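The values are calculated or read from the model by the stated rules, or taken from the named source; none is laboratory data. Since this is a predicted model, take the numbers as computed values, not measurements. With ideal geometry, Cβ positions are generated from the backbone for all residues, glycine too; neighbour counts draw on all protein chains shown. Accessible surface is based on the protein model in full, side chains and every heavy atom, while ligands, DNA and RNA are left aside. Shrake-Rupley method; radii C 1.70, N 1.55, O 1.52, S 1.80 Å.
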Amino acid sequence: MSDTGQAAAPFVRRGGDLYCEQVALQGLAQRFGTPLYVYSRRSILDALQQYEQALAGRAALVCYAVKANSNLGVLGLLARAGSGFDIVSGGELSRVIAAGGASSRVVFSGVGKTAPEIERALRAGIRCFNIESEFELQQVSQIAGRLGQRAPVSLRVNPDIDAGTHPYIATGLKSSKFGVAYAQAAQLYRRAHADPHLQVVGIDCHIGSQISQAAPFEQAADRLLDLVEQLERDGVRLHHLDFGGGLGIAYRDETPPSIGQWVGAIRRRVDARGHQDKVLLVEPGRSLVGPAGALLMRVIGLKGGAGGNFAVVDAAMNDQLRPALYEAWMDVQPVTERALPRRTYDIVGPVCESSDWLARERPLAIEAGDVLAMLSAGAYGMSMASTYNSRCRPAEVIVDGSDVHCVRQRETIDDLIAGESVLP
Ligand code: LLP
């Protein structure tokens with residue numbers, strides 16, 4: 001990181017060619033094939049360091065939201081750098097452990113934890129269950145009782161705040177399925193406090209994702225602190241405050257607060273209200289890994305028609321779902337600049353769905369065979385990939401300076417049909 005606290009851009013153009021750190025993307029596409037996810041190790045670690053710096057001198061834990069990118073290579077990097085983890089399934093817990101992460105730094109979120117998942121997490125000794133309902137509180141208590149344990153719990157409180165983001169990724173409104181209703185929280189806390197199989201350790205919230213304003217976070221923090229103070233008056237003391245994730249990144253022209261600004265704003269609010277004694281937790285996903293990744297794809301062919309021009313590429317909605325699902329705008333650039341006339345293209349994949357598009361109306365100077373890079377694709381890219389249309393999922397590599405590590409082999413058709421069978 002530079003002195004200004006700004007991380008160096010993970011993808012830069014040198015002499016017309018796009019690089020990740022010291023490695024040309026053109027060569028990576030050749031060596032590993034396309035579609036290919038490429039991540040910059042330094043970018044991920046720089047982002048974590050920005051969180052650590054903003055929290056320096058305070059008891060705190062960054063719990064990376066595994067769902068954003070759950071590749072073992074990524075998790076291992078973060079685990080070694082001391083990160084904690086926010087998980088939402090037993091599968092994610094297995095990944096964290098396989099990557100060398102410590103269970104004692106894991107918080108478990110999610111509206112539908114199953115009994116086997118709860119038992120597994122208790123046996124593994126996770127740091128906290130982020131409880132999202134009354135029924136979950138009961139279930140965790142019951143399972144902990146059976147195992148002769150006291151389960152550490154936090155209630156995920158729904159602060160009823162409009163995060164101003166896409167409705168599919170807003171989670172903090174009253175109408176949302178997430179969390180415990182604000183009005184119900186104090187009563188549930190009292191119950192948990194009196195339960196011998198539960199240990200109340202914290203409070204948490206998460207109001208949505210890709211949030212580019214500071215105000216909704218500040219409102220949510222204030223609502224949470226109001227509740228914390230009410231609980232303290234009732235004799236329920238909390239050990240940690242978890243403000244979730246949700247900080248946006250600049251895909252196009254968004255101007256979200258920086259990591260330092262976001263964490264700083266929360267930290268100041270918490271301290272100003274006299275809660276220096278509490279451990280601060282955050283659960284960032286996108287802001288840690290989003291800018292670090294690119295999806296490489298090759299142009300299969302170009303076609304024109306009455307409705308416009310299409311660049312048909314070998315990546316599709318199964319490899320990158322964000323445009324189809326949220327109409328998300330993702331930057332797409334040619335990996336090597338060429339002296340060709342620019343034309344406006346819709347970039348589409350081979351999947352048989354009209355929603356299978358990756359970018360619309362992009363002026364590009366390209367021809368068949370060219371490699372394109374979709375930037376800021378490190379979060380919610382590969383982790384949301386599917387095998388629809390029996391397409392094998394991409395390989396993933398992590399670039400470290402001039403070194404390249406393949407952290408996931410390209411899926412094969414044998415992987416795809418393993419476990420299936422025809423009738424006898
Ligand atoms: N904590 C909880 C409880 C969450 O549900 C999430 C994300 C996070 C933390 C991390 O949020 P982040 O810092 O990444 O915004 N697939 C969507 C995003 C879904 C986010 C779901 N929850 C997308 O591609 O935009």
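A straight line joining the Cα centroids of the stretch 15-67 and the stretch 212-230 runs 30 Å. Inter-label distance, Ala9 to Arg233: 5.2 nm, where each label sits 7 Å from its Cα along the C-beta direction. Roughly how many percent of the accessible protein surface of the stretch 41-286 is carbon and sulfur, given a 1.4 Å probe and a whole-percent answer? Roughly 48 percent, rounded to a whole number.
Comparing mean-square fluctuations of Gly244, Gly305, Gly112 from a GNM of the chain with C-alpha springs under 10 Å, the top value falls on Gly305. Each peptide in 309-321, 188-200 was scored by the mean count of other Cβ atoms within 10 Å over its residues; highest first, the order is 309-321, 188-200. When +1 charges are put on Lys and Arg Cβ atoms and -1 charges on Asp and Glu Cβ atoms, the dipole computed for the chain relative to its Cα centre reaches about 440 debye.
Of all DSSP bridge pairs formed entirely within the stretch 41-286, close to 5 percent run antiparallel.
When peptides 345-352, 405-412, 43-50 are sorted by average Cβ neighbour count within 10 Å, with the highest value leading, the order is 43-50, 345-352, 405-412. A simple spin-label model places the labels of Ala98 and Arg190 4.6 nm from each other, with each point 7 Å out along Cα-to-Cβ. Around the Cα centre of the stretch 41-286, unit charges on the Cβ atoms of Lys, Arg, Asp and Glu (plus for the first two, minus for the last two) sum to a dipole of about 600 debye. Over the residues of the chain, the helix contribution to mean residue ellipticity at 222 nm works out to -8500 deg cm²/dmol, using -39500 (n - 2.57) for each DSSP H run of at least 4. Seen against the Cα atoms of the chain and their longest principal axis, helix 259-272 is set at about 10 degrees.
What is the gain in length, in nm to one decimal, between Asp414 and Ser175 on full extension, counting 0.36 nm per residue of separation less the C-alpha to C-alpha distance? Show your work: numbers first, answer last.
Details: separation 239, 0.36 × 239 = 86.04 nm, distance 4.33 nm.
That works out to 81.7 nm of additional length.
Under 14 Å from a label point set 7 Å out along the Cα-to-Cβ vector of Gln53, the amide N atoms of the stretch 236-269 belong to 258-264.
Using a Förster distance of 56 angstrom, determine the FRET efficiency expected from the C-beta separation of Ala306 and Gln261, and round it to 0.05.
It comes out at approximately 0.70.
Fully extending the segment from Tyr388 to Ser354, taken as 0.36 nm per residue of separation minus the present Cα-Cα distance, adds 10.8 nm.
Taken per residue, the accessible surface of the chain reaches 42 Å², heavy atoms only and a 1.4 Å probe. Net charge dipole, the stretch 270-360: roughly 320 debye, given to the nearest 20, about the Cα centre with Cβ charges of +1 for Lys and Arg and -1 for Asp and Glu. Beta bridges assigned by DSSP with both partners in the chain are antiparallel in approximately 50 percent of cases. Can you tell me the alpha carbon radius of gyration of the stretch 275-424 divided by the globular rule-of-thumb value 2.2 N^0.38 Å? The value comes to 1.24.
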